[in-house]
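Written below as structure tokens is the structure these notes are about.
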Amino acid sequence: MGSDYMKLVLAIVSNDDSSSVSSSLTKANYSVTRLATTGGFLRAGNTTIIVGCDDDRVDNCVEIIGNESKRRTEIVPSTASYDIGRYASFPVEVQIGGATVFVIDVAQFHKM
């Protein structure tokens with residue numbers, strides 16, 4: 001291992017981007033775990049990608065995630081629920097894609 005310090009990278013990406021993010025990370029020799037999660041505007045489905053890597057590989061990992069999860073605009077149909085029990089009465093333009101990334105120090109790492 002290149003560095004003595006490990007980091008845990010948690011990236012929350014849209015379901016549309018999850019396959020390209022995880023395959024690009026895998027091609028770059030990162031070990032990737034994907035979890036189906038929900039949250040955010042319109043209770044949209046998303047994917048949380050978990051990557052454990054050496055400290056010196058974090059910047060490259062985050063760069064790959066950013067390159068594969070570009071923010072874009074989409075029109076959401078007027079029947080989409082935006083709050084519990086209420087519905088939008090007109091098409092709504094929303095930002096989708098992009099990623100929320102957390103980088104966490106790892107106190108211990110064991111592969112058993």
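When you check Thr79 against the structure, is it more than 25 Å from Met6 (Cβ to Cβ) and either part of a loop (DSSP other than H, G, I, E, B) or at pLDDT below 95 (or both), yes or no? Spelling it out, Thr79 is indeed more than 25 Å from Met6 (Cβ to Cβ) and either part of a loop (DSSP other than H, G, I, E, B) or at pLDDT below 95 (or both).
From the set of residues in segment 39-76 that are among the hydrophobic types (A, V, I, L, M, F, W, C), part of a helix (DSSP H, G or I) and modelled with pLDDT under 95, which is farthest from Ala11 (Cα to Cα)?
Looking only at segment 39-76, we keep the residues that are among the hydrophobic types (A, V, I, L, M, F, W, C), and these are 41-42, 44, 49-51, 53, 58, 61-62, 64-65, 75-76.
Keeping just the survivors that are part of a helix (DSSP H, G or I) gives 41-42, 58, 61-62, 64-65.
Pick out the ones that are also modelled with pLDDT under 95 and you get 41-42.
Working: Phe41: 17, Leu42: 19 Å.
Within segment 39-76, the match that is farthest from Ala11 (Cα to Cα) is Leu42.
Taking segment 26-43 as the range and being within 16 Å of Gly98 (Cα to Cα) and in contact with a helix residue (DSSP H, G or I) (Cβ under 8 Å, 6 or more places away or on another chain) as the test, no residue passes. Contact map, segment 15-38: first residue over 15 Å from Ile50 (Cβ atoms), second residue assigned to a strand (DSSP E or B), Cβ cut-off under 7 Å, separation 6 or more or different chains; pairs are Asn15/Gly45; Asn15/Asn46; Asn15/Thr47; Thr38/Gly45; Thr38/Asn46.
The values are calculated or read from the model by the stated rules, or taken from the named source; none is laboratory data. Treat the numbers as computed from the prediction; the structure is a model and nothing was measured. No Cβ is skipped: glycine too gets one built from the backbone with ideal geometry, and neighbour counts run over all protein chains shown.
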